[in-house]
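See structure below.
Here, each number is a calculation from the coordinates, and none is a lab measurement. Remember, it's a predicted structure, so these values are computed and weren't measured experimentally. FYI the Cβ positions are ideal-geometry reconstructions off the backbone, even for glycines, and counts take in every protein chain you see.
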Amino acid sequence: MDPIRKALQTLLDGSPLADTRRTLTFEEFLTQLRERPSCLIRSVHQLFHDMVRHHVGDGHDEYPDDPESISFIDYDFTSLLVEDSNQPFHADRILANRLVNLAEGFRGGAQQNKVYVFNGPPGSGKSIFLNNLLHKFEMYCNSSSGCRYETVWQLDRAALGDDPARDPTEQLASLLGERKTSRLLRDLASGRGAATPHGTIEVPCPSHDSPILMIPRDQRAEFFDELFQNDEFKWNLSGGKEYEWVFRNEPCTICTSLFRALLERVKDPATIFRMIHARPYRFSRRLGEGVTVYNPGDRSPRQNAHTNAELQRQINELLRDSQAVRYVFSRYARTNNGVFALMDLKGYNKDRLHELHNIVSDGVHKVEELEERVDSLFLAVMNPEDDKNIRGFQSLKDRIEFININYVLDSKTEVAIYENIFGRHIHEAFLPRVLENFARAIIASRLSEKSPAMLDWIDDPRKYRLFCDDNLLLLKMYIYTGLIPSWLDEEDRKNFTARRRRKIIAEAETEGRKGFSGRDAIDIFQDLYGLYARDRQLITMDTLIHFFVKGQPELGKKLPKGFLDALRNQYNYQTLQEVKESLYYYNEEQISRDLQNYLFALNYELGTTAVCPYTGDRLEIDEPFLAGIEDRLLGPDVKEGRRREFRDETQRAYTSRTLTQEIMVEGKPVTSTELYQELRERYVFHLKEKVLEPFLSNANFRRALKDLGTDDFRTYDAKIQTDVRYLIANLCDHFGYNESAAREVCLYVIDHNLAEEFAG
Ligand SMILES: [Zn+2]
């Protein structure tokens, strides 16, 4: 073998496509078809649905048992639109549900004659969206899960009574010994598969017709009935709307005329089917096979009809007829069963859209005098301002389905965008929840100020003034993020019906088309972060408000009136609850000790000393010891007589029931007894009222917080040191703070006097 051929052979043998690209005989194809029919019989719409599901899965429902659920689900679009992309696109929950619904509609196969237009304002990332989507579509179609087959004819010269040696060019090529090499080169250049066996002419179907369409239409039902088992697929195939095309569609004019001409010649269908082969339908956006994307500036070639003079000549010669088969097709053929996309509806794409109109309304168009059938997924993106290019063409508009790609409306996705651009470490520069609140401020600029749907649901928004603004925008953002806040009262929760939910989500169609765009938001975030993210200094709620009010007041003016105040109010309230609960967690242990010691001590004379067997504490049992705990059980203002009475009642209950019955007979630990539980409830009730007082009014406590982590901290008395450490540890364990953030938030609560602000 000469070195060039040898080198080429290594290239081909090592090609990753070598195996998956294998061309099958029609019989082999049928074997495959029987094994996985739902995979190989798929229209491009079904394929699109499967591709979305392949990446997105079934999603996650936070409230699976909610009877009023409208299936507004948390779908993860990362794999489809973020991973392996040049520029990630983040779909918020609203868009994610919109896209899944669209894909579900495609599966049903009912409304396919449409152009699907993704309509989004500047800076919404709609072009990135379409590019990423098409990239994944192309990859899916070329993968084993997305693979479908297309028809390629291998016209057998011998079977057609033709002697290859008669062909002067073939003869010449074989004399020169270069036939294989030049064919390999040609195949490589055109991205085609392995070389054709000697003595055949390869005629690929330019419309990428599925080989099943080669079965004569009137025989298909019977044929599939024989081929497939009586299973679910067969049932769907025979009755499902999504499979109507299988029985209705004719192959392209080239395949049709080829079939007819061959039949005339050989008179034997079996011989013809031996010439029909199936090869994987390979998508290539760059080559315009399976997927084509036109930009507004792309001119179309004047000549719409494509031909292949060399192939035409060979066919004519083989059939000895120059009219039987006309190898002519349009550019739409190359994306038949694929995707035809327009990037923006202006410039030359305006004309293309009008041309598409005829194709989508009739399903066919003329190529010279031939009618070419086109089944493609027609997609486009457009700016709302380009609406003028379709306005006035009502019949065209009827054929367009708009899918809104608006600015992000859910705070979780908005934060994910910042993370993606600036890195996950940005969280470290913010106190917990402050970054989310920045995102909420950005989103607020995109919402309509008044929401009829929200007001229809909650008629008195003021009752939620601790958590929400008067326009209920914050509540709406929770809903757009898929959450039903726990602070809603019972009645509103009950009235949050499926009908109301649909109305609220429907409002999102018209929101996110004004306010800060995706690009704006990134710039604004960069300003905030660049200005205030410093070593050992966290961005607090104060920083955030200052930024919008004083730092960049022109930005603050774009937010709905009163929104920032409401945001701060909600933050303050939640933060106070966190600090309170963290103090309370600490007390839980103390409560348990106090109660066990108290129950034990009641049985001793005042003035004695004893070791409590429950806690191991050595107790000095005297009046101040018992009274100190009773203050917590009865409140500090209790009368002396009631105190005595309570002590006696409790002691009697302890000896008659708790100790003798529950602990000794039933074997319960003291903390599981009824009496203990009763006392605990009393203790917690009085404690919660007063939980912050001793800490917040103590100036030493504040100073100790400030000095935490320095040598000075050890100079405080032991009780304060312990309290501070417990508080900080609980904030870290239960609310996601780190130590410096926890310290910062405690100081925030003390310095803003929040306990007093929200008292009563
Ligand atoms: Zn065809």
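Working ranking of peptides 429-442, 674-687 by packing, defined as the average number of other Cβ atoms within 10 Å per residue, highest first, is 429-442, 674-687.
If a/c stays under 1.5 just call it rounded; otherwise compare a/b with b/c (prolate if a/b is bigger, oblate if not). Do that for the stretch 31-131, with a ≥ b ≥ c from the square roots of the Cα gyration tensor eigenvalues. Oblate is the answer for the stretch 31-131, as a/c is 1.5 or above yet b/c matches or exceeds a/b.
Computed 3J(HN,Hα) for the stretch 132-147, one whole-Hz value per residue from the Karplus formula 6.51 cos²θ - 1.76 cosθ + 1.60 where θ = phi - 60°, is 5, 4, 5, 4, 5, 5, 4, 4, 5, 5, 8, 9, 5, 6, x, 5, glycine and proline marked x. Once backbone amide H atoms are built at 1.01 Å from N, Phe402 has Val117 as its partners under 5 Å, excluding neighbours fewer than 5 places away on the same chain.
With a cut-off of 17 Å on the backbone N, the residues of the stretch 447-489 near the modelled label site 7 Å out from Glu419 along Cα-Cβ are 481-483.
Taking 27 Å as the limit for the C-alpha separation, the pairs Lys388/Lys503; Lys114/Lys241; Lys412/Lys558; Lys241/Lys503; Lys126/Lys412; Lys350/Lys558 exceed it in the case of Lys388/Lys503; Lys241/Lys503; Lys350/Lys558. Near Arg148, the amide H atoms lying under 5 Å from its own belong to Tyr281; only residues 5 or more places off or on other chains count, and H is placed 1.01 Å from N. Only aspartates and glutamates eight or more places from Lys719 in sequence, or on another chain, were considered; those with a Cα closer than 18 Å are Glu588, Glu589, Asp594, Asp617, Glu693, Asp707, Asp711. Comparing Ser322, Asn308, Gly297 along the charge dipole axis of the stretch 285-327, the residue lying farthest to the positive side is Gly297, per the Cβ-charge model.
Taking the Cα centre of the chain as reference, the dipole from Cβ charges on Lys and Arg (+1) and Asp and Glu (-1) amounts to some 2700 debye.
Working ranking of peptides 155-162, 552-559 by packing, defined as the average number of other Cβ atoms within 10 Å per residue, highest first, is 155-162, 552-559.
When peptides 625-634, 119-128, 705-714 are ranked by their average number of other Cβ atoms within 10 Å per residue, the highest-first order is 119-128, 625-634, 705-714. Along the stretch 719-736 the Karplus relation, 6.51 cos²θ - 1.76 cosθ + 1.60 evaluated at θ = phi - 60°, assigns HN-Hα couplings of 4, 5, 4, 5, 4, 4, 4, 4, 4, 5, 4, 5, 4, 5, 6, 9, 10, x Hz to successive residues, with x for each Gly and Pro.
Taking the C-alpha atoms only, the angle from helix 3-13 to the longest principal axis of the chain is near 50 degrees.
Which of rounded, prolate, oblate describes the stretch 696-760, given a ≥ b ≥ c as roots of the alpha-carbon gyration tensor eigenvalues and a/c under 1.5 marking rounded, otherwise prolate only if a/b is larger than b/c? Cα axes put the stretch 696-760 in the oblate bin.
Suppose only helical runs count, i.e. DSSP H with n ≥ 4. What mean residue ellipticity at 222 nm does that imply for the chain under -39500 (n - 2.57) per run, divided by all residues and rounded to the nearest 500 deg cm²/dmol?
-15000 deg cm²/dmol
Annotation: aspartates and glutamates with alpha-carbon distance below 17 angstrom to Lys639 (same-chain offsets under eight excluded): Glu623, Glu630, Asp631, Asp648, Glu649. In the chain, a dipole from Cβ-located charges (positive for Lys and Arg, negative for Asp and Glu) runs towards its positive end, and of Gly512, Ala439, Asn495 it is Gly512 whose Cα lies farthest in that direction. The phi-based Karplus calculation (6.51 cos²θ - 1.76 cosθ + 1.60; θ = phi - 60°) puts the 3J(HN,Hα) values of the stretch 704-709 at 4, 4, 4, 8, 4, x Hz, whole numbers, x for Gly and Pro. Rounded, prolate or oblate: which fits the stretch 625-760 when a ≥ b ≥ c are the square roots of the eigenvalues of the alpha-carbon gyration tensor, with rounded for a/c under 1.5 and prolate only if a/b beats b/c? Verdict is prolate for the stretch 625-760.
Label sites at Arg536 and Asp66, each approximated as a point 7 angstrom past Cα along Cα to Cβ, lie 4.6 nm apart.
Between the residues Pro669, Leu531, Tyr748, the greatest Cα displacement towards the positive end of the dipole of the chain, with unit charges on the Cβ of Lys, Arg, Asp and Glu, is found for Leu531. Give me the percent of DSSP beta bridges within the chain that run antiparallel, rounded to the nearest 5. Antiparallel bridges make up about 55 percent of those DSSP assigns within the chain. For Glu289, the residues whose modelled amide H falls within less than 5 Å of its own, excluding neighbours fewer than 5 places apart on the same chain, are Ser284. Annotation: lysines with alpha-carbon distance below 30 angstrom to Lys6 (same-chain offsets under eight excluded): Lys180.
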